[in-house]
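A quick write-up on the structure given underneath.
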Amino acid sequence: MMPIETHRNRFFGVEHTTPQTHYRAAHIPKNLATGKNMVIKVQLPYDLKTKTVIPCTGALLVYNKKHDFVSCIRREDGAAAYDRIRNVVATKGAGGAKAYFAAELKTKDELTIEISEVLAEQPF
């Protein structure tokens with residue numbers, strides 16, 4: 001996902017490189033020493049014009065309330081896990097497009113999501 005700044009710069013022809021840290025998928029919490037428990041929101045790819053979930057295998061957007069953790073779950077990284085998460089969000093999530101889960105960030109490359117229990121809608 002590109003920040004709006006990048007699109008704006010391209011539109012106006014501004015020669016400016018957006019720092020990698022401004023990209024949404026680049027945010028990893030700094031306190032990873034003992035893991036981090038959090039509530040996360042998982043969103044399916046969504047078409048704003050038709051207000052429906054896009055039936056594809058696009059990346060699932062995952063983030064917490066403070067947005068200090070933002071990531072994407074791609075199908076090519078683990079098809080079985082991707083399909084399970086997508087199915088739970090589609091069948092039990094709000095509007096079939098988003099769902100909230102308890103999760104633990106064990107390392108910068110490992111997120112464990114408790115998909116057996118969908119949490120109530122959160123204010124984010």
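Summary of computed values
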| quantity | calculated |
| --- | --- |
| Subset of segment 2-54 that is hydrophobic (A, V, I, L, M, F, W, C), assigned to a loop (DSSP other than H, G, I, E, B) and modelled with pLDDT of 80 or more - its residue that is surrounded by the fewest Cβ atoms within 10 Å (Cβ to Cβ) | Leu48 |
| Per-region count, segment 96-109, residues farther than 14 Å from Gln122 by Cβ and among the small types (Gly, Ala, Ser) | 2 |
| Segments classed as strands (runs of 3 or more DSSP E), wholly inside segment 55-124, with at least 3 members that are at pLDDT 95 or above and either surrounded by 16 or more Cβ atoms within 10 Å (Cβ to Cβ) or not β-branched (Val, Ile, Thr) (or both) | 98-107, 110-119 |
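The values are calculated or read from the model by the stated rules, or taken from the named source; none is laboratory data. A quick note: this is a predicted structure, and the numbers were derived from the prediction, not measured. Virtual Cβ from ideal backbone geometry, glycine too; neighbours counted across all protein chains shown.
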